[in-house]
Amino acid sequence: MANENLYDPALRKVGRAILYELHARGVRHMVFGGHAVLLYVGHREFGVRDLDIVIEPSDENATKIIATIHDYYPEQASEVTRDRLTQPRKKWSFGQGIDLFDIVTSSNSQTLLFDDLWRDRREVSTSIDLGGMKHEFGVPFVSKDHLIQLKLESINDPERLEEGKEKDRKDLESLRRLP
């Protein structure tokens, strides 16, 4: 696991707490999207709107995710069912104010399955203070190569809005400049 801390203040306390709870409960998940771009590139001209998390679509994961979300957003936890979290290519958005989250049950990739993303993930060490105690934990991110592939596929998705495609193009440009 890389010994590095997540880029503050991009990951706010609630986001860090949700990631800690997913880790503590053993949820198979990874961060992708804007926060993954920030991890690899270090900046993003248009910032980050939400925390994108891809999960393994399984009964066990669904139960743990619903329990985690119930702890932070009990009124929104009832909006999603275990069925929805076990089907591929489903999305659930939740949160409030500046703390917004998207959970997807697999990437929209036609070629990358969750197990592919998981196998090549990058673990990043971070910590959070909860109840006066510091907890260190690992956060799994999609690999840079897979993030590039996901961005390419997103740009070519006919259902994706043009505004999103433009952000993806800029992200892709930045990612490709890296060694």
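Testing residue 30 on (1) of a type outside the set (D, E, K, R); (2) in a helix (DSSP H, G or I); (3) within 25 Å of residue 134 (Cα to Cα); (4) modelled with pLDDT of 90 or more, one condition comes back false. Which one is that? With respect to (1) of a type outside the set (D, E, K, R); (2) in a helix (DSSP H, G or I); (3) within 25 Å of residue 134 (Cα to Cα); (4) modelled with pLDDT of 90 or more, residue 30 is out only on (2). Criterion applied to 14, 48 was being buried (at least 16 other Cβ atoms within 10 Å of the Cβ), within 15 Å of the chain's Cα centre (by Cα) and part of a helix (DSSP H, G or I), and the one residue passing it is 14. If residue 73 passes every condition in (1) in contact with a strand residue (DSSP E or B) (Cβ under 6 Å, 6 or more places away or on another chain); (2) more than 19 Å from residue 15 (Cα to Cα) but one, which one does it miss? Against the list (1) in contact with a strand residue (DSSP E or B) (Cβ under 6 Å, 6 or more places away or on another chain); (2) more than 19 Å from residue 15 (Cα to Cα), residue 73 comes up short only on (2). Does any residue of the stretch 125-136 turn out to be among the hydrophobic types (A, V, I, L, M, F, W, C), surrounded by 15 or more Cβ atoms within 10 Å (Cβ to Cβ) and out of contact with any Asp or Glu (no Cβ under 9 Å at 6 or more places or on another chain)? Within the stretch 125-136, not a single residue is among the hydrophobic types (A, V, I, L, M, F, W, C), surrounded by 15 or more Cβ atoms within 10 Å (Cβ to Cβ) and out of contact with any Asp or Glu (no Cβ under 9 Å at 6 or more places or on another chain). Evaluate the following for residue 88: is it of a type outside the set (Asp, Glu), assigned to a loop (DSSP other than H, G, I, E, B), at pLDDT 90 or above and farther than 19 Å from residue 136 by Cα? Answer is no for this residue.
Take the stretch 121-140 and flag every residue that is part of a loop (DSSP other than H, G, I, E, B) and within 15 Å of the chain's Cα centre (by Cα).
121
When the test is whether a residue is under 17 Å from residue 108 (Cα atoms), in contact with a His (Cβ under 9 Å, 6 or more places away or on another chain) and not polar (S, T, N, Q), residue 53 passes it.
If you check residue 55 against the conditions, is it of a type in the set (A, V, I, L, M) and either loosely packed, with under 14 Cβ neighbours inside 10 Å or under 23 Å from residue 134 (Cα atoms) (or both)?
no
Against the numbered list (1) within 26 Å of residue 89 (Cβ to Cβ); (2) surrounded by 14 or more Cβ atoms within 10 Å (Cβ to Cβ), residue 174 comes up short only at (1). Residues that are of a type outside the set (D, E, K, R) and buried (at least 17 other Cβ atoms within 10 Å of the Cβ) within the stretch 67-99 comprise 68, 69, 72, 73, 80, 85, 86, 92, 94, 95, listed in sequence order.
Would the stretch 142-152 turn up any residue that is within 22 Å of residue 18 (Cα to Cα), in contact with a Leu (Cβ under 6 Å, 6 or more places away or on another chain) and at pLDDT 90 or above? Looking for residues that are within 22 Å of residue 18 (Cα to Cα), in contact with a Leu (Cβ under 6 Å, 6 or more places away or on another chain) and at pLDDT 90 or above, one finds at least one in the stretch 142-152, hence yes. With respect to the conditions (1) assigned to a strand (DSSP E or B); (2) modelled with pLDDT under 90, residue 106 lacks only one, and its number is (1).
The values are calculated or read from the model by the stated rules, or taken from the named source; none is laboratory data. Not measured: the values here are computed from a predicted model. FYI the Cβ positions are ideal-geometry reconstructions off the backbone, even for glycines, and counts take in every protein chain you see.
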